[in-house]
Amino acid sequence: ADPNDPAENVDAGARHLSQLLIKYNGGLYRARAAYNAGEGAVARYGGIPPYPETRLYVERVLKHYRKLQRDRKSLHQH
């Protein structure tokens, strides 16, 4: 309701990403690209659009995601 409220903003972003993950059957690359560039751009290009900003965004987010997964896994092994 209020995009200036940090908690509401994060909640709305998380829900939107969740919907995109469902739409793209858990496909992290397409969901992230759609989150950044829009679903229309992903549909138009049949995947990640050739926009440098979007490609960099997807790469950065997934690199961070993989690091968090590794860190989480290593915590559970100790």
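The values are calculated or read from the model by the stated rules, or taken from the named source; none is laboratory data. Please read these numbers as outputs of a predicted model, since none were measured by experiment. Virtual Cβ from ideal backbone geometry, glycine too; neighbours counted across all protein chains shown. Surface areas here come from the heavy atoms of the whole protein model, side chains and all, with no ligands, DNA or RNA. Shrake-Rupley method; radii C 1.70, N 1.55, O 1.52, S 1.80 Å.
Here are some notes:
- Residue within segment 46-53 that is among the acidic types (Asp, Glu) and either exposed (fewer than 11 other Cβ atoms within 10 Å of the Cβ) or in contact with a Pro (Cβ under 7 Å, 6 or more places away or on another chain) (or both) present: yes
- Residue within segment 28-35 that is modelled with pLDDT under 95 and open to solvent by less than 90 Å² (accessible area, probe 1.4 Å) present: yes
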